[in-house]
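A short reminder: the numbers here are calculations on the coordinates, not readings from a lab. None of the values given here were measured: they were computed from a predicted structure. Note that we place each Cβ from the backbone using ideal geometry, even for glycine, and neighbour counts take in every protein chain shown.
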Amino acid sequence: MKTAWTDRNKIVANLFNPAFCGEILRAVIKEYNKHTSVDFPFAFSFIVLPILLHKETRQKMPRSTRTYFFVWVEENDSLFFDFAQRTKSMVKFTKEAISFLLVYKKIVIADTGRMTSTSEKIKQVSDEDYEEYNDILKKAEMLGKWLSQTSDVKSIYSFFRITP
């Protein structure tokens, strides 16, 4: 992102802090890679924040991955009515989070465009002030596992009506 940190709107800077967004991405990548034999597709990184940082969408996620991803999206179609636009508006924050993770060597992107996470444990905080933070990380791990079960990027993008 080209805007200097000091010139950013404080609310936007805090909500879309690259370290926080990066930790969300890293949790998804780590869990995805744990449940599949292929590494996390770069293209998936752009749908992570629009799902997990949208409170209503996150709250409607089921408790487990027993519910099929496509079934859940279909049953909650109203949450995804503007998903393509939401995703587009989050691209700059996703790119900044990826850059942050790369600089701090928290992820690696292979020549194939697939991503892996470092082996560090994702840190949750045991303080009630961090309840939403912990919920986001918990849902991030679930999303990673879910995406590993439905790993066709083209199908997911077309299902969300996202076009290049």
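Observations on the model:
- Among ARG26, ARG86, ARG63: highest mean-square fluctuation, GNM of the chain, C-alpha pairs under 10 Å: ARG63
- Taking VAL91, VAL103, VAL48 as the candidate residues, the one with maximal mean-square fluctuation in a Gaussian network model of the chain, Cα springs under 10 Å, is VAL103.
- Assigned charges on the beta-carbon of Lys, Arg, Asp, Glu; the stretch 9-159 dipole about Cα centre (debye): 360 debye
- Applying 1/(1 + (r/R0)^6) with R0 = 22 Å to the Cβ-Cβ distance of ASP135 and GLU75 gives a FRET efficiency near 0.60.
- Shape summary of the stretch 24-87, radius of gyration then Dmax from alpha carbon positions: 12.2, 33 Å.
- Farthest toward positive dipole pole in the chain [+1 Lys/Arg, -1 Asp/Glu at C-beta], among LEU101, TRP72, ILE136: LEU101
- Kirkwood hydrodynamic radius of the stretch 1-46, from the reciprocal of the average inverse Cα-Cα distance over all distinct pairs: 12.3 Å.
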